[in-house]
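Here the structure is laid out as structure tokens; the discussion comes afterwards.
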Amino acid sequence: MRITVVGDVLLDVDINGTATRLSPDAPVPVVDVADVRRRAGGAGLVATVLAQDGHSVSLVTALSNDDGASHLRRALSGVSVLAGVPLAPTPTKTRVRIGAHPMVRFDQGCAQAPVPASTGEMLAAIASAEAIVVADYGRGITANTEIRAALALAVRRVPVVWDPHPAGSEPVAGVAVVTPNLAEAMAAAKTAGIESPTGAEEAGRYLLEKWGSGAVLVTTGEAGALLLSAGAALGIPAPRTNVSDPCGAGDRLAGSLAVHLGLGLDLEQAAARAVEDASAFLAAGGAASLTVVTEAAASDEAPEVSPVVEPGPVVELKGLELVGAGDLDPDGVQLARAVRSRGGTVVATGGCFDLLHAGHARTLAAARSMGDCLIVCLNSDESVRRIKGAHRPIVSAEDRAELLLALECVDAVMVFDEDTPEACLTEIRPDIWVKGGDYTPEELPEARLVAGWGGRCVTVPFHPARSTSGLAAALAKVS
């Protein structure tokens, strides 16, 4: 789908480290920095998530020409960035964490910014979109009169989802859905003179009338959301999720909502799916799982960056299934959690891997190069028999798993009994699902499932003349 994101971008920086002592200057912890990680925030986060879902994404925004903007451009690899004239420094939010605990946040360049200029390319991206997300972070892009005029025309032909900000502009009339959170909705209602709004519905009803939108979806945290349209109110519960960092939930919800509306789902269905997607996104690590720019603390210069995190020594958990590892589960789930908790990228692939050959090795090596660990979802013997026939597998699941773990690029193996790896994937929630083949990532049957928690599917080249079936046939002739 061709999606245009309109809004303000931020640079989010995470400084991660450990603390074992207090400073002699003051009773404050001394943080030994392990790494510094940067990612696109605000409208940049929405665009990044949608691009990783496989959509063609254009980002209409404003970018400065400072160091922060250079980091943003690298983090936005895969997104077509259409930026106005830089009029203010890059807003940067830096969080310091000790382990999993946030300690302090520093904001730089976050003062009120002048309204940026627009270009013909920016307006054309709005006019040609199949769905639009407006991620207003109060820095002026939605106040540009030409952009507002283009959005006013767009609402007549495509779904426009508007994620508002207290310091931002009012949505243009006629947008499909506006998505304030509960605090924003209540504050807006009080500002309008409603002394004590009774809750999300009263505040949402006020905003629905004020903004003239098709609907208002008030997000209510772990409770889910309340969808309000003319004469109707629908509570949408969120799946129960263990959340360590809620950052990015609203961005994920707004992006998903626009996609589902663009695909033709009705309002209630699209809203329910968007709430599910946001919950899955948080369960998979939230915005922190999307970090793509990493600087090791020991380095004087940041390493050259690729669109995915380079493999690194996040954890050493090779061969858990065979040798055991303390309190870690033998199914790879804890490996995924350990890698993700340290900001790493979890990669998974799957298959029968009967008679391991060069094509398998190339696919596995390519998959491992995309992240910080590779988990292989392996069909059990019964699963292979149902799929391939009574004469297969040639090699037992135990031996296949041992052979896979002998490869340097494989960190863990999970054996599953079903015909598809969906249950296995739901447990580990990989950031990237890799398959070999000559099809597009969108054609993979797992694509929708993986996209549900903010992951993405990738295919690597198929190697003809290298297949298990071919080897089995050759062996049969020899015998």
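The values are calculated or read from the model by the stated rules, or taken from the named source; none is laboratory data. Remember, it's a predicted structure, so these values are computed and weren't measured experimentally. No Cβ is skipped: glycine too gets one built from the backbone with ideal geometry, and neighbour counts run over all protein chains shown. Note: accessible area is taken over every heavy atom of the protein model, side chains too, but ligands, DNA and RNA are not part of it. Shrake-Rupley method; radii C 1.70, N 1.55, O 1.52, S 1.80 Å.
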Using only protein heavy atoms and a 1.4 Å probe, report how much of HIS71 is accessible, in Å² to the nearest 10. 20 Å²
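What FRET efficiency comes out for ARG21 versus LYS190 if R0 is 51 angstrom and r is the Cβ-Cβ distance? Round to the nearest 0.05.
0.65
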How many angstrom separate the Cα center of the stretch 395-412 from the Cα center of the stretch 158-204? 53 Å
Taking the full set of protein chains and a 1.4 angstrom probe, give the accessible area of SER80 in square angstrom, rounded to the nearest 10. 50 Å²
So, relative contact order of the stretch 1-132 in percent, Cα under 8 Å, 6 or more apart, is 31 percent
Label-point separation in nm, ARG342 to ALA152, each point 7 Å along Cα→Cβ: 5.4 nm
Shape category assigned to the stretch 67-123 from the gyration tensor of Cα positions, a/c cut at 1.5: oblate
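Counting alpha carbon pairs within less than 8 Å and at least 6 residues apart, what relative contact order, in whole percent, applies to the stretch 87-167?
Details: 101 pairs, mean separation 21.9, N = 81.
Dividing the mean separation by the residue count of the stretch 87-167 yields 27 percent.
Is the shape of the stretch 105-188 best called rounded, prolate or oblate, per the rule: a/c under 1.5 gives rounded, else a/b larger than b/c gives prolate, else oblate, with a ≥ b ≥ c the square roots of the Cα gyration tensor eigenvalues?
Values: a/c = 2.23, a/b = 1.27, b/c = 1.76.
Cα axes put the stretch 105-188 in the oblate bin.
Expected output is a single nm value to one decimal: the length gained when fully extending between VAL28 and THR119, i.e. 0.36 nm times separation in residues minus the C-alpha distance. What is it?
Working: separation 91, 0.36 × 91 = 32.76 nm, distance 4.83 nm.
Length difference between fully extended and current span is 27.9 nm.
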Taking +1 at the Cβ of each Lys and Arg and -1 at the Cβ of each Asp and Glu, which of GLN112, GLY84, HIS101 sits farthest along the dipole of the stretch 74-143 towards its positive end, judged by Cα position relative to the Cα centre? HIS101
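If we count every other residue with Cβ under 15 angstrom of GLN269's Cβ, Lys/Arg +1 and Asp/Glu -1, where does the sum land? Please list the in-between numbers first.
Numbers: positive: ARG273, ARG448; negative: ASP266, GLU268, GLU276, ASP277.
Charge balance near GLN269 sits at -2.
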